[in-house]
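Before any comments, here is the structure.
The values are calculated or read from the model by the stated rules, or taken from the named source; none is laboratory data. Computed from a predicted structure; not experimentally measured. Reconstructed Cβ throughout: ideal geometry from the backbone, glycine too, with neighbour counts over all protein chains shown. With ligands, DNA and RNA removed, areas are computed over all heavy atoms of the protein, side chains included. Shrake-Rupley method; radii C 1.70, N 1.55, O 1.52, S 1.80 Å.
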Amino acid sequence: MPDMEHLLGVPLTRRTALGGTAALTASSVISESDPAIAAPLTKPVGVRMAIRTTVNGKAVPVEIDVRTSLLDLLREQLHLTGAKKGCDHGQCGACTVHVDGRRVASCLTLAAKVDGRAVTTIEGLADGKTLHPMQQAFIDHDALQCGYCTPGQIMAAVACVREGNATSKDRIREYMSGNICRCGAYVGIVAAIEQVAGREKV
């Protein structure tokens, strides 16, 4: 009778014996498992619904997966990429837009929630080729560096003035604290908001 070392082609040790046993056990489990469980996973199909919203003054009828965020609707279906996906957890403010005039973190807002409501993004803030006063103020005060957070900062800044919370530097900082600028352009941002709050109606 041939010995085990001859059959395996490797020296028989405790390590090789244990490894062989584990391999045999794994193959047995896989072969005896339910074929449905062993089949490749497929992407789950979500429930879809039709909504009608107004985005930057234009009526937009669209069909969405009920799990879709407003941010993903804007960026992936409507191709409005001004609102940025930063943290996707509502912590950075880069995705700030307005819904019925109030600022929201679009990454935390279900698209289904804007059915019948008005959405304004950074793309809809200017009046044709004329910049919104807040956009111009950000340029005047060099209130940006890399620019990634700037659309969200501007949308939040407009809301800050509209809400009546731009009455002092400290109050501006408090009500803009949900919008993070990794480049640290906060001094310019506060100055831009002060300029608009003092001169313009937004």
Worksheet, complete the sentence: Going through the stretch 95-118 in order, the residues found to be in contact (Cβ under 8 Å) with a residue 40 or more places away in the chain and among the aliphatic types (A, V, I, L, M) are V97, A105, L110, A111, A112, V114, A118
Worksheet item: Do we find that V97 is in the same structural domain as V66 (by TED's automatic domain parsing) and either within 30 Å of G46 (Cα to Cα) or surrounded by 14 or more Cβ atoms within 10 Å (Cβ to Cβ) (or both) in this structure?
Response: yes
Worksheet item: Just one of the numbered conditions (1) under 26 Å from L73 (Cα atoms); (2) open to solvent by less than 10 Å² (accessible area, probe 1.4 Å) is not true of T109; which one?
Response: (2)
Response to the item:
Every listed condition ((1) in contact with a helix residue (DSSP H, G or I) (Cβ under 7 Å, 6 or more places away or on another chain); (2) touching a residue at least 60 places away in the same chain (Cβ under 8 Å); (3) farther than 22 Å from G57 by Cβ; (4) not β-branched (V, I, T)) holds for M134 save (3)
Worksheet item: In the stretch 113-202, which helices (runs of 4 or more DSSP H) lie fully inside it and hold 2 or more residues that are out of contact with any strand residue (DSSP E or B) (no Cβ under 7 Å at 6 or more places or on another chain) and surrounded by fewer than 20 Cβ atoms within 10 Å (Cβ to Cβ)?
Response: 133-140, 169-175, 186-199
Practice prompt. Could you please let me know if A185 is modelled with pLDDT of 95 or more, among the aliphatic types (A, V, I, L, M) and over 23 Å from K85 (Cα atoms)?
Written response: no
